[in-house]
Amino acid sequence: MLLDIEPGDEIIMPSYTFVSTANAFALRGAIPVFIDIRPDTLNIDEEQIEDAITPKTKAIVVVHYAGVSCEMNTILEIANKHSIPVIEDAAQGIMANYKGTPLGSMGTFGCLSFHETKNIHCGEGGALLINDKKYIKRAEIIREKGTNRSQFFRGQVDKYRWVDIGSSYLPGELTAAFLAAQLEHAEEITQKRLDIWNKYHEIFHDLEKTEKVRRPIIPKGCEHNGHIYYLLLDKKYNRDRVLQKMKELGVNAVFHYQPLHSSPAGKKYGKHFSPLPVTDDISERIIRLPMWIGFDQHEIVHRAFSKSLEI
Ligand SMILES: Cc1ncc(COP(=O)(O)O)c(C=O)c1O
């Protein structure tokens, strides 16, 4: 809404992401233009962005998958060259950095999620980080149902009125209180998740050597937040069977995402200029392992995983 996205505008984004990335724009009538991801980080392939730019491109949306940053220097350079705003989907990226800069603070906008699945959460919720001051005034109005109520509370106007389109994008008091407590412990929570992540990484080191799986790759300069620990199964395995076997052994491992470009709504509302082989391949091979604060069952998961590969 802040970028005045209109029907027919094109928004470049990865296909390998959660539906919210695309919905935000499809809801304004814009067309998500899906491009492929890098096989190492599973983030948008910055080398493919420029080819997808057309005169209709209104924004580039990058997703920092698993709290590992996209290649922001290259992305911002391309965006600046074409004067196109960058929006960081940092839904999974709170407390993570790219070359010392927090995720969500580099694009025109950054979006955080506080959904219950995230490191820091309040059940349902999120935050818009505005990194260009010119958008702040209107953002306040849009989030207050299109009224200038925030100005009224500050004594800047004597009554508040309907001045623009908007909706109710504010958390209630109880939700905000819950979130405040989470934020107070953000460093401790992040450290705990990193410890769990590092232990997984260590325990799966030997299995990776057998080339049965690939562990996550964290590029130099990316300081992640331990949001997700995943393994990529070698092509010779049937993931469904591996997951089923793990379930039988008491381990709830899961997969995601169903690529957006080939999903029913993605075909209806979006487009892509060329095939997306990395997205298709990764989405069929990824396995996410259990991860929550207090988790310490690494050995059990490792044993169940190794056993599941024997079938
Ligand atoms: C990459 C990504 N983008 C967007 C979202 C959506 O966030 P929310 O559920 O707060 O809309 C999520 C997770 O829920 C996500 O993982």
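Quick check: is even one residue across the range 151-164 free of Cβ contacts under 8 Å to residues at least 60 places away in the same chain, closer than 26 Å to SER20 by Cα and more than 16 Å from the ligand (Cβ to nearest atom)?
Yes; the residues of the range 151-164 include at least one that is free of Cβ contacts under 8 Å to residues at least 60 places away in the same chain, closer than 26 Å to SER20 by Cα and more than 16 Å from the ligand (Cβ to nearest atom).
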Note to self: For the range 29-62, give me the residue count where each residue is in a strand (DSSP E or B), without any contact (Cβ under 8 Å) to a residue 60 or more places away in the chain and open to solvent by 10 Å² or more (accessible area, probe 1.4 Å).
What the structure shows: 2
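State yes or no: is GLY67 surrounded by fewer than 21 Cβ atoms within 10 Å (Cβ to Cβ), within 30 Å of GLU188 (Cβ to Cβ) and either touching a residue at least 40 places away in the same chain (Cβ under 8 Å) or away from the ligand (no atom under 15 Å from the Cβ) (or both)?
no
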Note to self: Of all residues being open to solvent by 60 Å² or more (accessible area, probe 1.4 Å), at pLDDT 95 or above and part of a loop (DSSP other than H, G, I, E, B) in the range 271-289, which is nearest to ARG215 (Cα to Cα)? Just the residue, please.
What the structure shows: PRO275
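Have a look at MET72, MET95 and point out the one that is touching a strand residue (DSSP E or B) at 6+ places or on another chain (Cβ under 6 Å), more than 13 Å from the ligand (Cβ to nearest atom) and either open to solvent by less than 30 Å² (accessible area, probe 1.4 Å) or in contact (Cβ under 8 Å) with a residue 60 or more places away in the chain (or both).
Criteria check complete, one pass: MET72.
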Notebook entry, point to check: All but one of (1) assigned to a helix (DSSP H, G or I); (2) in contact with a Ser or Thr (Cβ under 9 Å, 6 or more places away or on another chain) hold for GLN156; which doesn't?
Noted result: (1)
Margin query: Being more than 16 Å from the ligand (Cβ to nearest atom), among the small types (Gly, Ala, Ser) and crowded, with 20+ Cβ neighbours inside 10 Å is true for just one of ALA22, ALA79. Which residue is that?
Written below: ALA79
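The values are calculated or read from the model by the stated rules, or taken from the named source; none is laboratory data. These figures come from a predicted structure and were not determined experimentally. Methodologically, a virtual Cβ is constructed for each residue, glycine included, from the backbone with ideal geometry; neighbour enumeration extends over all protein chains shown. For accessibility, only protein heavy atoms count, side chains too; no ligands or nucleic acids. Shrake-Rupley method; radii C 1.70, N 1.55, O 1.52, S 1.80 Å.
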